Amino acid sequence: MKLLVFEYITGGGLAGQAIPASLAAEGRMMLQALLNDLQDIPNLQLLLPQDARCTDVNISSEIQVFRVKQTNDIQKLLPELITQADLVWPIAPESRGVLAEIAQQVKNQQKTLLLSTPDMVALCADKLATAQKLNQHKIPVVKTLALKNVTKPPHSACVIKPRDGEGCDGNQIISCPAELTPALHKLDDTRDYIIQPRMDGQTLSLSALFKHGKSWLLSCNQQHMTIKNQQFHLQACSVNVRKQSHQSYQNLLDQVATALPELWGYIGIDLIETATQDLQILEINPRLTTSYAGIRQATGVNVAQQVLALLEGEPYIKPNQDQTVKVVIP
């Protein structure tokens, strides 16, 4: 069985362009964790495109590596690599439709995609559409408005975000109503942004597996944020924390699974837990997240193995260790 692993940043997605050091480091960290898990699974032959500038990944000699040069066009190379594979596991940004487009290419070649459907990936990439969908199913979600419709802040303190950005990308904190107008003047097009109230509480993420309306919690993770220049920045994740609320997290996942039955595989959900332990979802990430890099060390669970188990049935998640692992964002 041939499995193509395509991590967009280190795999040639930016061939011919500059690679931001932070993106390369984060992509490398997720890729290394995934390769480590996959190499422990028998009867898998791994195919790996690798940007010629991103060689600092520990790669087994058994992995078939395709060097991507600056002169290569990944739009032509990737379909050729997909042709050679039975399974494809993409890791890529949702913004600008990148991940959804890759998912569609895999489906077009009738290969097995280790990801949600292209339409579901596209929905999750749109923070406003995701919030509206969750609201329709009465799932708790942070109030999310299209910025173009806002004439005054919906809350005393708010956060402006790109509608299709990942994580903290491009966010801007509005500490009081008077800061809204100057903030708007910095944006090229308000139609590309949303606004949410700034919530008091713990910033968490849930790492989980999904399949056809069912969900399985892998870990709850504490996100460590800092504020610089009126922006949130994710510094680290403490993976596998807050076990006392396990059932409430699982209940929330079950609600999401029912509302979005096309979610499949590894999913990360960012949320706020208030002082009264109310949970409100911020966004859904239909791909590997940074927390993935710490799950196996924290729990002993080989998540990649359990994702592959979804192809035939249900995962068997039985942690054989229980510790908190801190994953520092490069």
- So residue 88, is it in a loop (DSSP other than H, G, I, E, B) and under 21 Å from residue 24 (Cα atoms): no
- Of 217, 234, 209, the only residue that is within 22 Å of residue 303 (Cβ to Cβ), aliphatic (A, V, I, L, M) and in contact with a Pro (Cβ under 6 Å, 6 or more places away or on another chain) is 209
- Candidates 303, 328, filtered to the one that is in contact with a strand residue (DSSP E or B) (Cβ under 8 Å, 6 or more places away or on another chain), closer than 29 Å to residue 8 by Cβ and surrounded by 21 or more Cβ atoms within 10 Å (Cβ to Cβ): 303
- With respect to residue 58, determine if the residue is closer than 24 Å to residue 291 by Cβ, assigned to a loop (DSSP other than H, G, I, E, B) and modelled with pLDDT under 95. yes
- Tally of residues being touching a Gly at 6+ places or on another chain (Cβ under 7 Å) and surrounded by 17 or more Cβ atoms within 10 Å (Cβ to Cβ) across the stretch 251-268: 1
- Query: For the stretch 65-99, how many residues are farther than 21 Å from residue 288 by Cβ and either in the same structural domain as residue 303 (by TED's automatic domain parsing) or in contact (Cβ under 8 Å) with a residue 12 or more places away in the chain (or both)?
  - Reply: 10
- Query: Of all the residues that make up the stretch 158-204, how many are among the hydrophobic types (A, V, I, L, M, F, W, C), out of contact with any Gly (no Cβ under 9 Å at 6 or more places or on another chain) and closer than 28 Å to residue 268 by Cβ?
  - Reply: 11
- Query: Can you name the residue in the stretch 135-175 that is basic (Lys, Arg) and touching a residue at least 12 places away in the same chain (Cβ under 8 Å) and, of all such residues, is surrounded by the fewest Cβ atoms within 10 Å (Cβ to Cβ)?
  - Reply: 152
- Message: I'm checking my understanding of the structure. Among residues of the stretch 22-44 that are in contact (Cβ under 8 Å) with a residue 24 or more places away in the chain and not in a helix (DSSP H, G or I), which one is surrounded by the fewest Cβ atoms within 10 Å (Cβ to Cβ)?
- Response: 43
- Query: Within the set of pairs 6 or more residues apart or between chains, which connect a residue that is assigned by TED's automatic domain parsing to the domain that holds residue 241 and of a type in the set (Val, Ile, Thr) inside the stretch 216-227 to a residue that is part of a strand (DSSP E or B) and crowded, with 16+ Cβ neighbours inside 10 Å with Cβ atoms less than 7 Å apart?
  - Reply: 227/173
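The values are calculated or read from the model by the stated rules, or taken from the named source; none is laboratory data. The structure displayed is predicted, hence computed values, not measured ones. Positions of Cβ are backbone-derived with ideal geometry, glycine not excepted, and every protein chain shown enters the neighbour counts.
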